[in-house]
Each structure stands twice: as C-alpha cells, then as structure tokens.
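Inspection log for the structure reproduced underneath, given as structure tokens.
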Amino acid sequence: MKIAVIGTGYVGLPTGTGLAELGNQVVCIDKDEEKIAALQAGKLTIFEDGLEELFQRNIRNGRLKFTTSTKEGVAGADVVLIAVGTPPDPVSKEADLRYIYAAAAELAPELTGYTVIATKSTVPVGTGDEVENIIRRQNPLAEFDVVSLPEFLREGFAVHDFFAPDRIVIGADSEKATAVLREMYGPFAGKTQILFVRRRSAETIKYASNAFLAMKIHYINEMADFCEKAGADIFEVAKGMGLDQRIGSRFLNPGPGYGGSCFPKDTNAMACMGRKYGAPLTLIETAISGNDLRKAQMAERILRQVGDNEKAKIAVWGLAFKNGTDDVRESPALQIVGQMLKHGARLRVYDPKAMDNARKILGDAVEYASSEIDAAQGADVVAILTEWESFADVDLTALKAVMRQPRIVDLRNMLKSRDPERSGFGYQCIGKA
Ligand code: NAD
C-alpha cells in the first residue's frame, strides 16, 4: 500500500518506519525542514531502541522516504496518517488542535482517488467530525473517510510496540475505510486483538486508557507515602496487590510522579472533556493535582538532605521522563530540577541519552557531567530521578570515593535491592520508612 505519514516525531517516525518494514511504500512528511534534511541524509532525529536498523534498511530498499511537501507525500496515497502534536493549551489545558486542523487543510487539496485519513494523534472526542468538515470544505469532490487510529506505543519501546501491540483500535464509521485498514493491518491478523469500534469510541479509548494508567501511578505513589508513615514497605504491598489479576502488577512502581509528553496532557484534556460534557471526572482531577504537587514534595525531600548548606552540591542522575528515551517533555526529573534551582541548589546533572534535549531547557543553570560518577564528584547527595538500568549497576565503592557526603535519594528505587546503607551510604528510597 501507499501510505503517507504527516508528522515525523516520536509517533510518526517509528510508525512510518514500521509500516515500510511491513512492505508498504511510506512517505513521511514534516514541516520541520531541519528534521527532514537530517532524515533524508540517513540520520535519525529521535532515539528509539531498534529503530536505527529498520530505518536504514527501509531507506536503502526505497520503501521509506521523507519530504517537507504534503503534496508529494499525499498524492496517490491509500492511507494518510496524521501524527502531528496535540499539545495542551497553556491556559485551558485542552488539547490544542491547531496542528491537526492545519494538516487536514493542507492534505485536502492533494487527495487523489479514495483515501483513508487516519488520525494517530491523540485527539478529543469529536475531532474526526471536524477533520472531515475541513477536508470536505476544502475539497468538496474528494473521496475520503476519516477514521481514528489511536496510538498506544510507549516511548523507548516504540519499535517493539509497533510490531507487538497489546491491541489495535480502529475507529471507523464506514465499511470502505474498515476494509482498507483491515488490509493495512493484515500482517497483525491472528497475532493481536484488532478492535473495530465507532470513531468517537476510539477517540475516547485513548484518553480513557492514559488517564487510567496515570491514576494507577498516582495511586501507588500515594500508597507509598502511606507506607512510609505506617511502617509498611511499598514493594511488598505492590507485589501483594499485583498478584491479583484484576489489578495486575504493571504500573505499580512508586516514583516521583508521572510525566512525559502524554499522561499530563491527556489527563488534563480528558478532565476538560468531562467538564465540557457535564460528566465530571473527579478521580482524574484528583490525580492531576496530586501529581503536580508531588514534584515539589520530591524536590523538598532531596533538599532536606543538604539543609541550609549553600555550598552543598547535588548530583542528579536522570533527566529524561523515563528510561529508554531522550524525551524530556514534562519530565518529572526536569520539574524537580527546576524546583531545586528555585531554592538556589547547585546541581551537576547526568543522563545517558537526554543531555542535549535537557541542555536546551536548562542552559547554564546546571553543570553537565559525562557519567554517573562524574556527576557525583564532590556531591553531598545523589538524586536518582530516572530509572536508567545503568544506575542500578553503579559501582558503589567508586561512588562513595568521589562524594563529599555519601548520601543517595533514590526516587526510582533503583538501588534498594543492593542495600546501599551496608556500603556506608545514607539512603532514602520511596515507600519504605
Ligand atoms: P512530536 O512533537 O514528536 O512530532 C510531531 C511532528 O509533527 C513534529 O515533527 C512537527 O514538526 C510535525 N508537524 C506539525 N504540524 C505539521 C504539519 N502541518 N505538517 C507536517 N508536519 C507537521 O509529537 P509525538 O510525540 O510524535 O506525538 C504526536 C501525537 O501522538 C500526539 O497527539 C501525541 O499525544 C500522540 N501520542 C504520542 C505518544 C508518544 O509516546 N510520544 C504515544 C501515543 C500517542
């Protein structure tokens, strides 16, 4: 099939590459000229495990192309995927749909023959109706259907999740579009659940899922706070809870709060939709405010270790919003760093993948280190903010040797099983007194 992907970011690029690997002719379109120039030159613009090899192979075999021209990509396409950003409006926190609507207006005049326009971006319920109206107004004679194809991939696992998704949700109100998408997802038939639903249900499934996961994280974080006060251990509690199959063991890891480019914006957008439709979503509202507060509480927890010592140095391990990605959007780590800077803290930071992206935000407000141990040189406390595997394997003897005070605040419980107290560290993790 001929497929165009509009928006070549964390969703569009792995999706386009995966579809090319499945044998389709894919053109990825982006407005960002620098991005497209890099991709055309064979340079990946994001870090995703396993993407490099697929990307290079499909460029070589001519199935994966990049352009800034919507016309070039969309003409003759069977399916056009829209994967542009839907960031939160800074004031109302609703999903800002300007990029979606712009993409719809740009693609409309370029349609040739029957085309399925599929929204991969996370969009509020009813957006498909508006996309349809925009295209119809711009090109009244176009033959097309608009469907919702919510994306569930996890950053850091995008390639894995493309080829082995838990489910594929197709929100199509037309038989013709359903047939085209059945063909596109043919390679997944019999291997994964493919759910055909109405378009508005598909749009809702994405938000309802993300909000549920965000609430699960907030729940276990509150439970961790409780355990600290009540003398229980959240590890044991989470394990005991997770063995109940109705609850499940995933997303029961306490930490500094949820972040990233999806959960904060999607919970806010869902809460806005609830208010708009007069169906209050109070659990989601509570998770949002509690999660916001948690970053400040975590910063205080770290700062308490150094008290009023103005000369104290804090080593920060981890800046990405989670492991496996260079993405720092809405990263709890960066928000905690921001809180600590507000209090005048002196920070030396390290992340295995996200240094460049963090530097764009933090500028010269912090010192940058080249490794975990380098960050900890002369530090009075190490704060672990992202769950990179390498942090769990750190050489504790070498670490202790370079620190001024051997103290660790482990907001990801990475070192808990190694019992750093036995190696002479002051050690605080999450969810255990
Ligand atoms: P992103 O910011 O990484 O990429 C979006 C890209 O779209 C940018 O490169 C931008 O230049 C491009 N763009 C914007 N308008 C354009 C236009 N008119 N024509 C061509 N290109 C245009 O965003 P992302 O993280 O890939 O997210 C995209 C959507 O997918 C969002 O709605 C997001 O909520 C959703 N989503 C993201 C994830 C994730 O893990 N990042 C997972 C599931 C769903």
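Check each of the GluC sites (Glu not before Pro) in segment 80-152 and keep only those in coil by DSSP with at most 12 other C-beta atoms within 10 angstrom; list them in order. Numbers along the way, then the final one.
On the way: sites: Glu94, Glu106, Glu110, Glu130, Glu132, Glu143, Glu151; in loops: Glu94, Glu143, Glu151.
Passing both the DSSP loop test and the Cβ count: Glu143.
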Worksheet item: For helix 175-184, what angle does its Cα long axis make with the longest principal axis of the chain, in degrees from 0 to 90 and rounded to 10?
Response: 60
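Summarise the accessible area of the chain (1.4 Å probe, protein heavy atoms) by the percent that is carbon and sulfur. Present the calculation step by step, with values, prior to reporting the outcome.
On the way: 9990 of 19510 Å².
Ligands and nucleic acids excluded, carbon and sulfur give 51 percent.
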Worksheet, complete the sentence: Any residue on another chain or 5+ positions along whose placed amide H is under 5 Å from the amide H of Arg346 is listed here as Ile314
Fill in: Placed amide H near Phe66: partners under 5 Å, 5+ positions off or other chain
Cys28
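With +1 on each Lys and Arg Cβ and -1 on each Asp and Glu Cβ, and nothing else charged, work out how big the dipole of the chain is about its Cα centre, in Debye to the nearest 20. Before the final figure, lay out each step's value.
Details: 53 positive and 58 negative charges, 84 e Å.
Computed charge dipole of the chain: roughly 400 debye.
Calculated from DSSP H runs of 4 or more alone, at -39500 (n - 2.57) each and per residue, what is the 222 nm mean residue ellipticity of the chain, nearest 500?
Values: 17 runs with 185 residues, N = 433.
Result for the chain, helices only: -13000 deg cm²/dmol.
In the chain, what percentage of the DSSP-assigned beta bridges are antiparallel, given to the nearest 5?
Details: 3 of 47 bridges.
Antiparallel: roughly 5 percent of the beta bridges in the chain.
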Discussion item. Straight-line reach only, C-alpha to C-alpha below 15 angstrom: list the aspartates and glutamates that Lys191 could link to, leaving out same-chain residues fewer than 8 apart.
Written reply: Asp161, Asp166, Glu183
Item to complete: State which stretch of the chain is the longest one without any exposed trypsin sites (Lys or Arg not before Pro), exposure meaning a DSSP loop state and at most 12 other Cβ atoms within 10 Å.
Response: 44-190
Worksheet, complete the sentence: Whole-Hz Karplus couplings 3J(HN,Hα) for segment 96-108, θ = phi - 60° and coefficients 6.51, -1.76, 1.60, Gly and Pro as x, run 8, 9, 4, 6, 5, 5, 5, 4, 4, 5, 6, 7, 3
Worksheet, complete the sentence: Classified through the alpha carbon gyration tensor (a ≥ b ≥ c as square roots of its eigenvalues; rounded if a/c is under 1.5, else prolate when a/b is larger than b/c, else oblate), segment 182-319 comes out prolate
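Once you list every other residue whose beta carbon is under 14 Å from the beta carbon of Ala224, what net charge do they have if Lys and Arg are +1 and Asp and Glu are -1? Before the final figure, lay out each step's value.
Numbers: positive: Lys216, Lys229, Lys239, Arg294, Arg301, Arg412, Lys416, Lys432; negative: Glu222, Asp225, Glu228, Asp233, Glu236, Asp410.
For residues surrounding Ala224, the net value is +2.
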Response to the item:
Quick note, segment 2-197: a/c under 1.5 would make it rounded; otherwise a/b > b/c is prolate and the rest oblate (a ≥ b ≥ c, C-alpha gyration tensor); here it is rounded
Discussion item. Can you tell me the orientation of helix 263-276 relative to the chain, as the angle in degrees between its alpha-carbon axis and the longest Cα principal axis, to the nearest 10?
Written reply: 60
Discussion item. List the lysines whose Cα sits under 16 Å from the Cα of Lys342, skipping any in the same chain fewer than 8 residues away.
Written reply: Lys295, Lys311, Lys313
Worksheet, complete the sentence: HN-Hα couplings for segment 124-133 via Karplus (6.51, -1.76, 1.60; θ = phi - 60°), in whole Hz with x for Gly/Pro, come out as x, 4, x, 5, x, 4, 5, 4, 4, 4
Practice prompt. Could you pull out every residue, at least 5 positions away or on a different chain, whose amide H is within less than 5 Å of the one on Met403? Hs are placed 1.01 Å off N in the peptide plane, and Pro or chain starts have none.
Written response: Gly378
Worksheet item: Where does helix 12-21 land angle-wise versus the long Cα axis of the chain, in degrees 0 to 90, nearest 10?
Response: 60
Fill in: Whole-Hz couplings from phi, Karplus 6.51/-1.76/1.60, listed for segment 326-332; x for Gly and Pro
9, 7, 10, 5, 6, 6, x
Worksheet item: What whole number of Å gives the distance from the Cα centroid of segment 103-123 to the Cα centroid of segment 182-203?
Response: 19
Worksheet entry | Rg/Rh ratio calculated on Cα atoms of the chain (Kirkwood radius) | 1.00
Worksheet item: Just for segment 232-433, what percent of DSSP beta bridges are antiparallel, to the closest 5?
Response: 5
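The values are calculated or read from the model by the stated rules, or taken from the named source; none is laboratory data. Since the model is a prediction, treat every value here as computed from it, not as a measurement. Here Cβ is always computed from backbone atoms with ideal geometry, including for glycine, and neighbour counts include all displayed protein chains. Ligands, DNA and RNA are excluded from the accessible area calculation, which covers all protein heavy atoms including side chains. Shrake-Rupley method; radii C 1.70, N 1.55, O 1.52, S 1.80 Å.
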